[in-house]
Structures are given as C-alpha cells and as structure tokens.
Amino acid sequence: MNAPLTVKNFETDQEVRWCPGCGDYAILKAVQKTMADLGAEKDKTAFVSGIGCSSRFPYYMNTYGFHTIHGRAPAFATGLKLANPEIDVWVVTGDGDGLSIGGNHLLHVIRRNVDLQIMLFNNEIYGLTKGQYSPTSRVGTRSPSSPKGSVDRPVNPCSFALGAGAKFVARGVDTATKPLIETLKAAHAFKGASFVEIFQNCIVYNKDVFAGVTEKKVADENQIHVEHGKALLFSGGKKGLRFNPDTFALEVVAVGDDGVRECEILVHNETNRTLAHLLCEMAHPAFPVAMGVIYRDPSASSFDDAFWAHHATQGKRTGKVAAALRRGRLWTKKAG
Amino acid sequence: MTKPTDEISIVVRFAGDSGDGIQLLGGQFAESTALAGSDFSTFPDFPAEIRAPVGTTFGVSAFQINLGARRIATAGDAPDVLIAFNPAALKVNLPIMPKGATIIVNTDEFNDRNFAKANIERDPRTTGELNDFRVIEIPIKTQTLEATKPSGLSKRDAEQCKNFWGLGAVLWMFGRDRAPVEAWINKKFAAKPEIRAGNLMALAAGNAYAETAELSAELPQYRVGAAPMKEGEYRSITGAEALALGIAAAGELADKPILFAGYPITPASALLHYLSRLGELGVATFQAEDEIAAACAAIGASFGGRIGVTSSSGPGIALKTEAIGLAIATELPLLIVNSQRGGPSTGLPTKTEQSDLYQAVYGRNADAPVPVVAASGPDDCFDVAIEATRVALRHMTPVFLLTDGYIQNAAGPWLIPDMDKYEKIESNAPPALAQSDAPADVKRAIWKRNPETLGRPWVHPGMNGLAYRVGGIEKDMTTGDISYDAANHQKMTDLRFAKVASVAKFIPSQHVEQGSEKGPLAVVGWGSTMGPIWRAVEAARNEGLDVAQIHIRWLNPFPSNLPELLRGYDRILVPEMNMGQLATLIRDRIEIPVESLTKVSGQPFKIGEILESIRAHAGVAKAAE
C-alpha cells in the first residue's frame, strides 16, 4: 500500500489559468486538501466538467478528468458512474453551465440520485464569455448583454436542487476553506447525488457580488452555519431563527436578555425537507444566508446501485450470444 | 373446388384499423411461412397515431408480406391479395392493387357510418370501382362473434379475436398448418384463459369457414413451396432485433460490456426495447432524459471503459451532434445508430427514408470526420453492428451505423450465424508502464497512437498510474495537454482525417453484386434499397440488358477500389430514398458524373420503378454506342 497522497500529489503540471484573485483558486486548493484528507486514490477518482471558467477545473486535478461540453457534465458523469461504479465521480459546474444550458441534466442527475458530488461554482455571471448576466444574476445586473440591467428573475441553486429531489444540499464560500472542506467531505460521504453550491467571487466581471455576505467583518452577522441537532444561531449567538406558525415562515429574533429564550430557537434537523426549503430561500439582507449541510436524507438508494440491482447479472456477461440467437421459433433447412 | 395454384411468389397485404391487430396477424402469418420453408420479406406500414379514430383512413395499419419458393428480395411491389378489415383500409389500399388481384373485404364494417368516417360517398361494392378485382365478401365480425360465443368473452373482447379468424382463413388459403399458431396463442395468453379460448376458437372457425363456406366468389388456394436456401438453422428476424443481437455480439467478441444510452423516438426505440432484454449478455440500457444526455452518457461510459452505444432517428441525431464532436476530439469509441425516417423536423416518423447520409458524413461543426456504414436489410444488421463496433474500437472513433424505418421493422428469414466464425474484436490496450516512468513519459504513452489505425490506447479511470485529463479543447498531439498551437491544430486535424481514411485499409474491397466489372451501366445503391435494386437489375439482365449492381456498405470512407470500379462504367444510376445524397457524395469523393433516381414518398422503392429507370438508362447507353 502506497503512502497516502498529499495536497501536492493532487496538483498537475498544468499552469492554472484563472484570472489572478479568482475564487476558483481557493476552491481548487480546498478540493485538493479534501482529497488528501480523504486519502483519495487518484486513479479511482474522476472530475467531470462542462464548459466555463469553473469547468477548467479537471485539468488542474491530478486524477482522471473529463472536460466535456456545455451543460452536459451530469450526463457524462452518469455514463461514467454506470460504466464503473467504483470510480469516485465529482461534477464541476457553474451557474451558467449547470443552471442555464445544463439545467435539464442537473435536474435529472439529482432526481435519479446518481452517487456523485456536484460542485456548482456560483458567481452570478458568465465569466468565460466575458461577463453576460447568468441565470443566478440578480435583477438589474448590468452586463454587456443587459446594459440597462437584467430583467430575468434569478434561480436559487439550492432551492432548485431541493425541488429536483436532492437528498443532499449544502452551501459554502470559496475562501472559507475550512468549512468548505468539511462540507465537501460530508458530500463525499453521502451515497447519492450531493449538491454543493459554492459562492465564488468573479474578480473581473462580478467582483464582490457576495461581499455583503462573505466579507470577514459581516460574515458572522450575515451567514448562519447550520449543523444537525444544533440551534440555528448566528451573530455570535445573539440572534437566531424562530418558526412563526402564523406566517408559516422563519423569522430572525434576538436571543438573550433583550430577546427570546434560546429554547425558542429552531434546532436544525437536516432530514427535514420543509425546513431545508425555508433555509435555502433565506436571502441577504432580510436573513442570514445558510451555510453548511442544509439537507441530508440518506434513506434513498443511489441510482447506480438501483441500476445494477435491476440489471439482473450486475452487468456481467453470464449468457452466450450463440444461445440468445436461438431464442424463439427456429427451423432447419436441409441440403437439397 | 378448384385446385390450389402453384405460386413462385405472391404478395399478401393485411389492412385494417390500427387497433385491429393487423401487425400481429401479419407476424403470425410470416412465422407460418417461415416454418413451411418459403422465403419471405415483410413490410409493416402503420400510422404515426397510436389509436387514430376508428374507421378513418389515417388510422389504417397495414402489413405486407412477399413469400415465395425462390429468393425473396423485397416485400413486393403490388399485393396479389388484400384482406381489408374495413372500408377505410380498402380505400387506402385500392390504388396500389393491380387489376385481377383478389380482395377480401369484411362486409360487417361496410355500412354508412364507416363510409362517412372514411369519407366514402357510396359503397365501393356498388360503384363499379371493384370490377377489375376478384372480390370476396365475408362477414368476419359476425362470424367471429358466433364462433367465440362459448369462450364467455364479452362482445367487445370477442370482436378483438377477428384478426385470428382472418388468420385462420388465410392459413387455409395457403395450406399452412394451424398448430404453431395455436401453440403461440396458448403461450401468449396462458394467463388469460378466456381470451386464449376466444382466439383459438376464432382461428379454427376462420379455417373451417374458408374450407366450407359458400362465398360470393370462391376463396383461392395457393401453394407456395419451400425456397432454395442455404442449409442451416433459421429464425425470423427484424432489423431492430438483429441490430440488438449484433451489438451484444460485438460486446462478446470484444470481451467488453456495453452501455446503451437512448431516448425514445420512432422508429429507433425498438432497439432500446430489445437491448433492454439482453442484460445477461453484458448489455446495460440507460434511458436518458433527452437525446443529448443519451449521447453524453454513452461517451461517458466509453471514457469509463465500456463500449458506449447511442441511437436515434434524424432529429435526435441532430441533437447529439455536439457530443459526437467531443468523442472525435477525445478519440473515444462510440457507436451511433441512426434509424432514418422521413423528414425534415418531425416529418414522417413511421415512414422510411434514407435522407440522413449528409448528416452522418458532413453534419458536424468544424472538420470532424467519422466512419459511416449502412445496413442493407434486416439480415445484414447483425454483421454491420459487429463491423461498426470493430472499427470504433480499432480506430478509437465514433462510428455511424445507418439503418432506416423499413429495415428496423421489416422481417425475413435469417440463417443463424456461427459465433465461432467471427474474429475477436481487439481494442487498443493501455500502455504497460514501470513505476519509475516520469509523468511526461506516461502522458506520451497514453497518446501514442497505433501507426496503422491511429487509434490511441483505451485508458480509463480505475487504471493505475494512468490518470489523465482530456476534453474538447484542442490537445497537443503527443502529450494530450491543452494546446492552442497553430501547427499542432493542423496536425491534429490531419490526424483526424487520416484516421478515418485509414479505415479503408481494413474494410473489404467493393464487389459487384450482379453483372460485370465494366460496362455501359451500373446501378449503385446503399442501405435498404438493396432488395428492390437487386430484383430490378436481375429482371433487366433477364431482358438482356447489360447492367451491373453495386451496393456500397462503407460510405465513409469508401472502399479503396470504388473509384476505379465506378470509372469502369459509362453511366452510373443511383436510386435512393432521398433527393440524391449518395449521388452527391460520389460526385464529391470520386468526381465522376452520376444520375439520380430519387423517391421520398415514405415508401420503399418498387422494383418496377427501378427497372423502368434502368431500361431508360440502358437504352440511352445502347443508343450512344
């Protein structure tokens, strides 16, 4: 048995070509660290991507990698996973790749629950095509294709995933390496399609679009790190989330002397789908943005398991073509 | 009673509502023909609507069979016998009936209500329009209801047995044994005893009625003997079944599992259906969310070390096009089956055409060549699937396999092949590496192509020490790294062309089906026109015309000797079910003039149509001498 691989072992000899300061660098490092921490085997790991800045990712991971076509990575990844369920498959996509041109495939890979990890780098912009608004861009986003501001209503990636029937939904931030690594490890441990949205800062075309949530000085106030079995507290424990039965919605309440008692604060239950929907929908500035594992339901079987259980022989050749040719009614012609 | 007439070949057509069980009736009659040792070819001709309004002309489903005591090449130009289950079926098929033919009509359906549904003004039996035919009137529904009374079936269910009543009568006309059909009914309806009983009663009653009833005109009896065919074991097979088995056989010969990814589309779906029952042969089928995903999943499987196969018809193939480009760029094997149908757009989904040749040969962005092969009939599909897969694995390339709606559904007898006679399919083995090899050497080894085939080693995830990255961005020829280098792109483009060209070294030389290798006229075809061309050329030669037949299997690249061979004829006539696509391809690749005979009616060529054209061309060729 070889020694476990280090972060260095997961780097390739290719020059990384993202813009200086791009959030993708931090994600790359986090993923390489995750691989090393997990003791991953590079020959049994594959990164599959579509098209876009995020989709260059496989070239920089010293594992098997497939940089495919725009939006279709989930379909290639499904084929690969079915071809060899032993392979640990990671899909790398972006907001345009995964939710615009590839929205259909993302829906289906999630609902089928193929055992793989999906990392959606959300920067709310088309980077590689030079800055057009994307399906996650906020209304009013000014871009080369929307000089007066975009009018499209954006999609919320985590809500989309849940709506598609995801059994694992999580969110992280590019530069928040430590929690991101923990989230990726949880995604990896999950048997099924695990969906992780990563806020990623596009330094050139949509700089600081998440700054109001991710900047160090506001992070405590504007993010909430959810953890199964723990109270949904943020702002250093001074604020929390409470369920209001009259509005059937969450509300932010102060905790402590000037506010409510901690026992009134909701406790995160990652298997509660309704709660997950509410948490996914929370948006800045009315709410803190939920980070970490928002939803996890390990009860369903993965597609690849079900697929191979359904194919009676598990894909092995147990019969002979010569015998199959003779199924049905036969007759013999004699010479003469 | 008159004696049965001996027929060298005879064409029978069954027609009725799409809910009348016409295809089942035809299929069973074909089986009985097979068991009697006659040769045959069938042509199911059904509407796009699943259950069109009862009694309408657009809801008519038909099944034609040509059976004979000689080699049968087509499903027949014109029916000698038509069995019409309702007025709409008679109306739709009357124009193709030759004078003197026998028409059996189910009189129970000949009433004003049904005439109205079929837009018939007056009962055709009273207008004189049937004067040229031998018309036999049988109240099939009444007879069926009467016969099936003891079964306990409801009137509605009992009426459904009328196709078996009709089959019983036809079996008598052809002197065929009822027992195999009874055995089939017993098995098929084992779990539904009442329906089983009803069908058996209807079959027997139709048979007895034909023999004893006094009819308006006597039912003719035919004797079609066994055809001279090669010795061996036979079964009946459709093109779709043969393709499915051929794909499974390719997997066995390559000792690789198959992942077939498809999306439902007419008439390609039959392949997905058959393959989904071949799990024990190492075939897994994945029904994807769309055509694009199907192609992508198949390529993903090939990247992962299984043989990826995808299939569709023209509109679906169009959607897969970008993914096929990726398979070309990444040098991965992929089998793409196109069951062609009438187009453009949705076109004629259930009708046949061979109009996707341009799409297969030229239809991608950029310079992106792929090998293209076409099946010439249902009996050819098995071998063509093996050959196409062999090329895909040997050269590490996508391969187009063209079939069509006609081949897909048509059936004929098939000499079961001996699997031991097929050569194993070799794939490009991964490079053997030492632990000490430097990463740069590993990369070079992964992209070191076989100089003969230009196929690269089939390296896939799970192989130790060979982890590599690949994608749609142009890659360096030797290292596989991303490369925007101008000279490299030229080299890679040249490589992709040279690879497809190299296929010509491995495929058989073009042979002449009939006639000499030089002469005044050659009829050149491809795909499912094989049957009618063969018969037409044979007939022309029997008339003393000097004409040869050439049928091209590999359309890209052409066999190496094809240019020289074609230049040996004064005139080239290319019949095809499109507006002249092979004609264009020959002009493009061989740069010789050719003449087109085109047909895009959704129906296969008639022998007569081709024969007429041959006569015209041969006449001119003669006059020019």
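The values are calculated or read from the model by the stated rules, or taken from the named source; none is laboratory data. In this text the structure is predicted, and so the values were computed from the model without any measurement. Every residue, glycine among them, receives a Cβ derived from its backbone with ideal geometry; neighbour counts consider all protein chains shown. Note: accessible area is taken over every heavy atom of the protein model, side chains too, but ligands, DNA and RNA are not part of it. Shrake-Rupley method; radii C 1.70, N 1.55, O 1.52, S 1.80 Å.
Report the one residue of A:Val260, A:Val226, A:Val321 whose Cα lies farthest in the direction of the positive end of the charge dipole of chain A (charges on C-beta: Lys and Arg +1, Asp and Glu -1; origin at the Cα centre).
Of A:Val260, A:Val226, A:Val321, it is A:Val321.
Could you provide, to the nearest whole Å², the per residue accessible area of the range B:349-434 with probe 1.4 Å?
On the way: 2740 Å² over 86 residues.
For the range B:349-434, the solvent-accessible area averages 32 Å² per residue.
For the range B:392-473, report the translational diffusion coefficient in µm²/s to the nearest whole number, using Stokes-Einstein at 10 °C, 1.306 mPa s, and a Kirkwood Rh over Cα pairs.
Working: Rh = 16.3 Å.
Using the Kirkwood radius from Cα pairs, D works out to 97 µm²/s.
Please report the Cα spread of chain A along all three principal axes, rounded to whole Å, starting with the longest.
103, 50, 46
Tell me the relative contact order for the range B:335-475 as a rounded percent, counting alpha carbon contacts under 8 Å between residues six or more apart.
22
P(r) tail for the range B:326-444, what percent of Cα pairs lie past 16 Å? Write out the running numbers ahead of the final one.
Values: 4876 of 7021 pairs.
In whole percent, the share of Cα-Cα pairs in the range B:326-444 beyond 16 Å is 69.
Taking Cα atoms of the range B:460-537, Rg/Rh with Kirkwood Rh, to two decimals? Don't skip to the end; give the middle numbers.
Working: Rg = 22.0 Å, Rh = 17.4 Å.
Looking at the range B:460-537, the ratio lands at 1.27.
When the Karplus curve 6.51 cos²θ - 1.76 cosθ + 1.60 is applied with θ = phi - 60°, which whole-Hz ³J(HN,Hα) does each residue of the range A:174-191 get, with x for Gly and Pro?
Along the range A:174-191, the couplings run 3, 8, 7, 4, 4, x, 5, 4, 4, 5, 5, 5, 5, 4, 5, 5, 6, 8 Hz.
Please report, to one decimal in angstroms, the Kirkwood hydrodynamic radius of chain B built from all distinct Cα-Cα pairs.
On the way: mean 1/r = 0.0379 Å⁻¹.
Across chain B, the inverse of the average 1/r is 26.4 Å.
With a 1.4 Å probe and all protein chains left in place, how much accessible area per residue does the range B:534-625 have, in Å²?
Values: 3860 Å² over 92 residues.
Accessible area per residue: 42 Å².
Straight-line reach from A:Lys217: which lysines have a Cα under 28 Å away, not including same-chain ones fewer than 8 places off?
Leaving aside lysines fewer than 8 places away in the same chain, those within reach of A:Lys217 are A:Lys29, A:Lys33, A:Lys178, A:Lys185, A:Lys207, A:Lys230, A:Lys238, A:Lys239.
List the residues whose amide H sits under 5 Å from the amide H of A:Gly149, counting only those 5 or more places along or on another chain, with H placed 1.01 Å from N in the peptide plane.
A:Ser143
Using a cut-off of under 17 Å, list every residue of the range B:535-566 whose amide N is near the label point 7 Å from the Cα of B:Ser601 along the Cα-to-beta-carbon line.
Those under the cut-off are B:536.
Hey, what do the phi angles of the range B:266-279 turn into as Karplus ³J(HN,Hα) couplings, whole Hz, using 6.51/-1.76/1.60 and θ = phi - 60°, x for Gly and Pro?
Running phi through 6.51 cos²θ - 1.76 cosθ + 1.60 with θ = phi - 60° gives 7, x, 7, 4, 3, 5, 4, 4, 5, 5, 5, 9, 10, x Hz.
So what does log10 I(q)/I(0) come out to for the range B:162-228 at q = 0.16, 0.21, 0.28, 0.29 Å⁻¹, using the Debye formula with one equal point on every Cα and no solvent?
Normalising to I(0) and taking log10 leaves -0.56, -0.83, -1.17, -1.22.
From the alpha carbon gyration tensor of the range B:235-421, can you work out the equivalent ellipsoid semi-axes (sqrt of 5 times each eigenvalue) and give them in Å, largest to smallest?
Numbers: eigenvalues 93, 80, 43 Å².
Calculated on Cα positions only, the semi-axes equal 22, 20, 15 Å.
Only Lys, Arg, Asp and Glu count, each charged at its Cβ (+1, +1, -1, -1), so figure out the dipole size of chain B about its Cα centre, rounded to 20 debye.
About 540 debye.
Please report, for the Cα atoms of the range A:16-100, the Rg to one decimal and the Dmax as a whole number; what are they, in angstrom?
That works out to 12.6, 38 Å for Rg and Dmax.
With N set to the number of residues, divide the alpha-carbon radius of gyration of the range B:367-410 by 2.2 N^0.38 Å and report two decimals. Walk me through the intermediate numbers first.
Numbers: Rg = 11.2 Å, N = 44, 2.2 N^0.38 = 9.3 Å.
Compactness ratio reported: 1.21.
Return the long-range amide H neighbours of B:Ile237 (sequence gap of 5 or more, or a different chain), with a cut-off of under 5 Å between placed amide H atoms.
B:Gly412, B:Trp414
Under 5 Å between amide H atoms, partner at least 5 residues away or on a different chain: which partners does B:Arg70 have, H built in plane at 1.01 Å?
Amide H neighbours of B:Arg70: B:Asp39.
Using a Förster distance of 45 Å, how high is the FRET efficiency between A:Arg138 and B:Tyr362, based on the Cβ-Cβ distance and rounded to 0.05?
Values: r = 44 Å, r/R0 = 0.98.
The calculated FRET efficiency here is 0.55.
For the range B:235-421, with only Lys/Arg (+1) and Asp/Glu (-1) charged at the beta-carbon, what is the dipole magnitude about the Cα centre, in debye rounded to 20? Before the final figure, lay out the partial values.
Working: 11 positive and 19 negative charges, 22 e Å.
Charge dipole of the range B:235-421: 100 debye, to the nearest 20.
Place the peptides B:291-304, A:219-232 in order of packing, highest mean first, counting for every residue the other Cβ atoms within 10 Å and averaging per peptide.
B:291-304, A:219-232
Would you work out the Kirkwood radius for the range A:102-147? I mean one over the mean of 1/r across all pairs of different Cα atoms, in Å. The partial results should precede the final answer.
Working: mean 1/r = 0.0808 Å⁻¹.
Computed over the range A:102-147, the radius equals 12.4 Å.
Averaged across the residues of B:454-467, what count of C-beta atoms belonging to other chains lies within 10 Å of each residue's C-beta?
Working: counts 0, 0, 0, 0, 0, 1, 6, 17, 10, 3, 5, 2, 2, 12.
Across the residues of B:454-467, the mean count of other-chain Cβ atoms within 10 Å is 4.
Per the 1.4 Å probe, what fraction of the accessible area of chain B, in percent, lies on carbon and sulfur atoms? Don't skip to the answer; put the middle values down first.
Working: 11870 of 23260 Å².
Carbon and sulfur together cover 51 percent of it.
In whole Å, what are the extents of the range B:5-223 along the principal axes defined by its C-alpha atoms, from largest to smallest?
Cα spread of the range B:5-223 along its principal axes, largest to smallest: 44, 42, 38 Å.
In the range B:318-336, what residues drop by 30 Å² or more in accessible surface going from the chain by itself to the full protein assembly, probe 1.4 Å?
Hits at the 30 Å² cut-off: B:Glu322, B:Leu326.
Averaged over peptide B:480-492, how many Cβ atoms belonging to another chain are found within 10 Å of each residue's Cβ? Display every interim value, and only then the final one.
Working: counts 0, 5, 6, 0, 0, 0, 0, 0, 0, 0, 0, 0, 0.
What the average comes to for B:480-492 is 1.
At q = 0.09 Å⁻¹, work out log10 I(q)/I(0) for the protein assembly as shown with the Debye formula, treating every Cα as an identical point scatterer and leaving solvent out; two decimals please.
Reported log10 I(q)/I(0), two decimals: -1.01.
Taking K and R as +1 and D and E as -1, what net charge do the other residues with C-beta under 13 Å from the C-beta of B:Asn119 add up to? Please list the in-between numbers first.
Numbers: positive: B:Lys91, B:Arg113, B:Lys117, B:Arg122; negative: B:Asp112, B:Glu121.
So the surrounding residues net to +2.
Mind checking the mean number of beta-carbon atoms from other chains within 10 Å of the Cβ atoms in A:57-66? If you can, show how the numbers build up before the last one.
Numbers: counts 1, 3, 6, 1, 2, 4, 4, 12, 7, 13.
Taking the mean over all residues of the peptide, I get 5.
Find the Cα radius of gyration of the range B:58-137, compare it with 2.2 N^0.38 Å by division, and give the number to two decimals. Before the final figure, lay out the partial values.
Values: Rg = 13.5 Å, N = 80, 2.2 N^0.38 = 11.6 Å.
So the Cα radius of gyration is 1.16 times the expected 2.2 N^0.38 Å.
Which of A:Met35, A:Ser235, B:Asn556 sits farthest toward the positive end of the charge dipole of the protein assembly as shown, with +1 on the Cβ of Lys and Arg and -1 on the Cβ of Asp and Glu?
My answer, from the dipole projection, is A:Met35.
Tell me, what HN-Hα J-couplings in whole Hz come from the Karplus equation 6.51 cos²θ - 1.76 cosθ + 1.60 at θ = phi - 60° for each residue of the range B:11-26, using x for Gly and Pro?
Whole-Hz 3J(HN,Hα) from phi for the range B:11-26: 10, 10, 10, 9, 9, x, 5, 5, x, 7, x, 5, 5, 5, 4, x.
Highest mean first, what order results for B:57-63, B:187-193 on Cβ atoms within 10 Å? Don't skip to the end; give the middle numbers.
Numbers: B:57-63: 22.6, B:187-193: 11.1.
In decreasing order of mean packing, B:57-63, B:187-193 become B:57-63, B:187-193.
Among B:Asn338, A:Val196, A:Gly102, whose Cα projects farthest towards the positive end of the dipole of the protein assembly as shown, with charges put on the beta-carbon of Lys, Arg (+1) and Asp, Glu (-1)?
The Cα lying farthest towards the positive end belongs to A:Val196.
In nm², what is the average projected area of the convex hull enclosing the Cα atoms of the range A:59-197?
That works out to 8.5 nm², a quarter of the Cα hull's surface.
With 17 Å as the cut-off, how large is the P(r) tail for the range B:294-337, expressed as percent of Cα-Cα pairs?
On the way: 176 of 946 pairs.
Considering the range B:294-337, 19 percent of its Cα-Cα pairs are separated by more than 17 Å.
Test of understanding: in a Gaussian network model of chain A with alpha carbons linked when under 10 Å, which of A:Gly315, A:Gly96, A:Gly127 would top the mean-square fluctuation ranking?
Residue with maximal mean-square fluctuation among A:Gly315, A:Gly96, A:Gly127: A:Gly315.
Do any residues of the range A:296-336 lose at least 50 Å² of accessible area when the full set of protein chains is present rather than just their chain alone, and if so which, with a 1.4 Å probe?
Residues meeting the cut-off: A:His311, A:Arg317, A:Val321, A:Leu325, A:Arg326, A:Arg327, A:Arg329, A:Leu330, A:Trp331, A:Lys333.
Of all the C-alpha pairs in the range B:1-129, what % are more than 27 Å from each other?
Working: 1736 of 8256 pairs.
Here the tail beyond 27 Å accounts for 21 percent of pairs.
Just A:Arg142, A:Arg72, A:Arg296 to compare: in a GNM of chain A, with alpha carbon springs under 10 Å, which one fluctuates most?
Comparing A:Arg142, A:Arg72, A:Arg296 in a Gaussian network model of chain A, the most mobile one is A:Arg142.
With every protein chain present, what accessible area does A:Thr214 have (1.4 Å probe, heavy atoms only), rounded to the nearest 10 Å²?
Ignoring ligands and nucleic acids, A:Thr214 comes out at about 40 Å².
Rounded to the nearest angstrom and ordered from largest down, what semi-axes does the equivalent ellipsoid of the range B:519-624 get from its C-alpha gyration tensor (root of 5λ)?
19, 17, 12
Translational diffusion coefficient of the range B:125-243 at 10 °C, 1.306 mPa s, Stokes-Einstein with Kirkwood Rh over Cα pairs, in µm²/s as a whole number.
My calculation gives 97 µm²/s for D.
Among B:402-410, A:248-256, how do they line up by average Cβ neighbours within 10 Å per residue, starting with the highest? The partial results should precede the final answer.
Values: B:402-410: 29.2, A:248-256: 13.9.
With the highest mean Cβ count within 10 Å placed first, the list reads B:402-410, A:248-256.
Can you give the Rg to Rh ratio of the range A:1-66, both from alpha-carbon atoms, with Rh computed by the Kirkwood formula? Each step should come with its number before you reach the end.
Details: Rg = 11.8 Å, Rh = 12.2 Å.
Rg/Rh: 0.96.
Nearest 20 debye, what's the magnitude of the dipole of the range B:324-439 about its Cα centre given +1 on Lys and Arg Cβ and -1 on Asp and Glu Cβ? Let's see the in-between values first.
Working: 7 positive and 14 negative charges, 61 e Å.
Here the size comes out at about 300 debye.
Which of the pairs B:Lys155/B:Lys188; A:Lys334/B:Lys230; B:Lys117/B:Lys149 have their Cα atoms more than 18 Å apart in this structure?
B:Lys155/B:Lys188; B:Lys117/B:Lys149
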